[in-house]
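The values are calculated or read from the model by the stated rules, or taken from the named source; none is laboratory data. No experiment lies behind these values; they were computed from the predicted model shown. Ideal geometry is used to build each Cβ from the backbone, glycine not excepted, and the neighbour counts take in all protein chains shown. Each accessible area value is taken on the protein alone, full model and side chains, heavy atoms only, with ligands, DNA and RNA left out. Shrake-Rupley method; radii C 1.70, N 1.55, O 1.52, S 1.80 Å.
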Amino acid sequence: MPFTARLARTALIAVLALPLVPLWSAPAAAGSGSVTRLTLAADTDIPRGVTVDLLRRTMTLTAGEKRHLRGRLEATSTTTGIVGLTQRIRCLDASGSTVPVVAASARNHEGSDTTSYAKPGHLPLYADLLFTAPATGVYTCVLQGTAYSTLSGTYHLTAVAESTWLETDDADQRGAHWWQNGACESADTAGDCTYVGDGSADPDAWIFYNDGTPVHKWQAHPDAVTVSAQANVELTTCYQGTASCASAMQAYPRGRNAVVHTRFELVQLNAADRACQIHQFAADRTITDDAHHAVGYSKLSDIPIDQACGSRSFLLRVYVKHVSGQTVKVDGVQSGVTSLTNGIAFNNFR
């Protein structure tokens, strides 16, 4: 994925009113049931411009069977410069062909001397995929890492052993549903992506609700006791000169950074398709121009299904509002396959 990494480092802007949370909290997976975790046994280098397979899980599935996969890639760097990092969860059929959709997340590694991460110099990324087998057969799902930069010299990122892993459900996630926002290429020269900010951008947006994708009313399974849901929203700052945003959205020089307010909602509808119960998780997010891309992770767990609503229908949506700084792009589906912003709803039968 051709996210652009920058040559120079800039100081973080100290005037932001919100505390800097560069990685944003990453909750545990929202689904129910047991999982199998595969852990990287040895540190593995990710050279510039190379996609490296880190972990893989092979499963025999029946047509329509669903599995939730969650990956964590923790990376260190051999340079103090900025290097882009993307992780993907990609599933292949028996012929070796990729089965859409590929889940991805991305962020610039800000250098080996970075102290703003929870563990200095160690950048973790998470990605989630709800994989649905298109036919009965054998599938292999792979956790991949890619590094990219225009820096000169010799350097690489390293996936950290034990802290890099791939989790897979051990049983079918019956009735679970996957959301993803619309097409949004990395460069977006046509301005087709969703933006929030000043100037030409909208001040706010509803992802999965009024972003041009069909509104889906999810039906909780008749046997479900509760439901859970999660959303991963990838945001990119649009500073002047970036190759990641339409030119009309580049209002300020690099170094201004951005703050957005997000609110993740799971809405139970009544029989008339109106809101009956609204469950939400809100957070203010800071995206620095050095990081350039960042994922906001949200989760709602074990939400009761209110019988008084007279319906088991739900809407899943994420509200994103610009607060200050750079205009922000909500990343979407690239090349028709790779999803950077997505949500999942799960049935809980226990």
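The rows are residues; the columns are (1) in contact with a Ser or Thr (Cβ under 8 Å, 6 or more places away or on another chain); (2) under 21 Å from V215 (Cβ atoms); (3) modelled with pLDDT under 95.
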position: R263; (1), (2), (3): no, yes, no
position: L266; (1), (2), (3): no, yes, no
position: I278; (1), (2), (3): no, yes, no
position: S298; (1), (2), (3): yes, yes, no
position: S311; (1), (2), (3): no, yes, no
position: V320; (1), (2), (3): yes, yes, no
position: S324; (1), (2), (3): no, no, no
position: K329; (1), (2), (3): yes, no, no
position: S339; (1), (2), (3): no, yes, no
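Taking D211 as the residue in question, decide whether it is within 21 Å of R263 (Cα to Cα), surrounded by fewer than 18 Cβ atoms within 10 Å (Cβ to Cβ) and acidic (D, E). If you could, list the steps in order and put the result at the bottom.
Details: within 21 Å of R263 (Cα to Cα): yes; surrounded by fewer than 18 Cβ atoms within 10 Å (Cβ to Cβ): no; acidic (D, E): yes.
Taking the combined requirement at face value, the residue does not satisfy it.
On the given criteria, is S105 open to solvent by less than 10 Å² (accessible area, probe 1.4 Å) and either at pLDDT below 95 or among the hydroxyl-bearing types (S, T, Y) (or both)?
Values: open to solvent by less than 10 Å² (accessible area, probe 1.4 Å): yes; either at pLDDT below 95 or among the hydroxyl-bearing types (S, T, Y) (or both): yes.
Taking the combined requirement at face value, the residue satisfies it.
Output yes when any residue across region 217-231 is under 12 Å from V330 (Cβ atoms), in contact (Cβ under 8 Å) with a residue 40 or more places away in the chain and not in a loop (DSSP other than H, G, I, E, B), and no when none is. I'd like the intermediate steps shown before the answer.
Let us first name the residues in region 217-231 that are under 12 Å from V330 (Cβ atoms), namely 231.
Imposing the further condition that a residue be in contact (Cβ under 8 Å) with a residue 40 or more places away in the chain reduces the set to 231.
Filter once more, so that each one left must be not in a loop (DSSP other than H, G, I, E, B): 231.
So far as region 217-231 goes, yes, one or more of its residues are under 12 Å from V330 (Cβ atoms), in contact (Cβ under 8 Å) with a residue 40 or more places away in the chain and not in a loop (DSSP other than H, G, I, E, B).
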Sole exception among (1) under 23 Å from W178 (Cα atoms); (2) surrounded by 21 or more Cβ atoms within 10 Å (Cβ to Cβ) for L92, by number:
(2)
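Among the residues of region 133-146 satisfying the criterion of being surrounded by 18 or more Cβ atoms within 10 Å (Cβ to Cβ) and not in a loop (DSSP other than H, G, I, E, B), which is farthest from the chain's Cα centre (by Cα)? Please lay out each step first, then the result.
Step one: filter region 133-146 for residues surrounded by 18 or more Cβ atoms within 10 Å (Cβ to Cβ), giving 133, 139, 141-146.
With the extra rule that they be not in a loop (DSSP other than H, G, I, E, B), the set shrinks to 139, 141-146.
On the way: Y139: 23, C141: 17, V142: 17, L143: 14, Q144: 15, G145: 14, T146: 16 Å.
This residue is Y139.
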Please go through region 261-298 and give me each residue that is open to solvent by 10 Å² or more (accessible area, probe 1.4 Å) and touching a helix residue (DSSP H, G or I) at 6+ places or on another chain (Cβ under 8 Å), ordered by number.
N270, A271, C276, Q277
Checked region 63-96 for anything over 16 Å from V160 (Cα atoms), assigned to a strand (DSSP E or B), without any contact (Cβ under 8 Å) to a residue 60 or more places away in the chain and not basic (K, R); matches are C91, L92
From the list A251, A246, pick out the single residue that is at pLDDT below 95 and surrounded by 14 or more Cβ atoms within 10 Å (Cβ to Cβ).
A251
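Yes or no: region 148-164 includes at least one residue that is open to solvent by 10 Å² or more (accessible area, probe 1.4 Å), under 24 Å from S298 (Cα atoms) and not in a loop (DSSP other than H, G, I, E, B). Steps first, answer last, please.
Within region 148-164, the first condition is being open to solvent by 10 Å² or more (accessible area, probe 1.4 Å), and the residues that meet it are 148-156, 158, 160-163.
So of that shortlist, the ones also under 24 Å from S298 (Cα atoms) come out as 163.
With the extra rule that they be not in a loop (DSSP other than H, G, I, E, B), the set shrinks to none.
No, every residue in region 148-164 fails to be open to solvent by 10 Å² or more (accessible area, probe 1.4 Å), under 24 Å from S298 (Cα atoms) and not in a loop (DSSP other than H, G, I, E, B).
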Taking the criterion of being of a type in the set (D, E, K, R), over 30 Å from A42 (Cβ atoms) and out of contact with any Gly (no Cβ under 6 Å at 6 or more places or on another chain), would at least one residue in region 159-174 satisfy it?
yes
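S335: over 19 Å from the mean Cα position of the chain (by Cα), more than 25 Å from V227 (Cβ to Cβ), at pLDDT 95 or above and surrounded by fewer than 24 Cβ atoms within 10 Å (Cβ to Cβ), yes or no? Working first, answer last.
On the way: over 19 Å from the mean Cα position of the chain (by Cα): no; more than 25 Å from V227 (Cβ to Cβ): yes; at pLDDT 95 or above: yes; surrounded by fewer than 24 Cβ atoms within 10 Å (Cβ to Cβ): yes.
Considered against the rule, which asks whether it is over 19 Å from the mean Cα position of the chain (by Cα), more than 25 Å from V227 (Cβ to Cβ), at pLDDT 95 or above and surrounded by fewer than 24 Cβ atoms within 10 Å (Cβ to Cβ), S335 comes out as no.
How many residues, within region 280-299, are part of a strand (DSSP E or B) and farther than 18 Å from N342 by Cα? Don't jump to the end; show me each part of the working.
Restricting attention to region 280-299, the residues satisfying the condition of being part of a strand (DSSP E or B) are 280-287, 293-299.
Remaining after also requiring farther than 18 Å from N342 by Cα: 284, 286-287.
Matching residues across region 280-299 total 3.
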So, in region 38-84, of the ones that are among the acidic types (D, E) and under 21 Å from the mean Cα position of the chain (by Cα), which residue ends up surrounded by the most Cβ atoms within 10 Å (Cβ to Cβ)?
E74
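Here are some residues: T168, T140, T150. Which one is touching a strand residue (DSSP E or B) at 6+ places or on another chain (Cβ under 7 Å), in contact (Cβ under 8 Å) with a residue 40 or more places away in the chain, farther than 30 Å from F314 by Cα and of a type in the set (V, I, T)? It would help to see each step written out before you state the result.
Working: T168 fails: farther than 30 Å from F314 by Cα; T150 fails: touching a strand residue (DSSP E or B) at 6+ places or on another chain (Cβ under 7 Å).
Testing whether each residue is touching a strand residue (DSSP E or B) at 6+ places or on another chain (Cβ under 7 Å), in contact (Cβ under 8 Å) with a residue 40 or more places away in the chain, farther than 30 Å from F314 by Cα and of a type in the set (V, I, T) leaves just T140.
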Of all residues in region 110-128 being without any contact (Cβ under 8 Å) to a residue 40 or more places away in the chain and of a type outside the set (D, E), the one that is surrounded by the fewest Cβ atoms within 10 Å (Cβ to Cβ)
T115
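Quick check: anything in region 42-52 closer than 16 Å to Q173 by Cβ, basic (K, R) and touching a residue at least 40 places away in the same chain (Cβ under 8 Å)?
Narrowing region 42-52 to residues closer than 16 Å to Q173 by Cβ: none.
Taking every residue of region 42-52 in turn, none turns out to be closer than 16 Å to Q173 by Cβ, basic (K, R) and touching a residue at least 40 places away in the same chain (Cβ under 8 Å).
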Members of region 299-332 that are among the aromatic types (F, W, Y) and open to solvent by 20 Å² or more (accessible area, probe 1.4 Å):
Y319
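Scan region 301-333 for residues that are of a type in the set (A, V, I, L, M) and either closer than 21 Å to C245 by Cβ or part of a loop (DSSP other than H, G, I, E, B) (or both) and jot them down. It would help to see each step written out before you state the result.
We begin by selecting, within region 301-333, every residue of a type in the set (A, V, I, L, M); these are 303, 305, 308, 315-316, 318, 320, 323, 328, 330, 333.
Those that are of a type in the set (A, V, I, L, M) and either closer than 21 Å to C245 by Cβ or part of a loop (DSSP other than H, G, I, E, B) (or both): I305, V318, V320, V323, V328, V330, V333.
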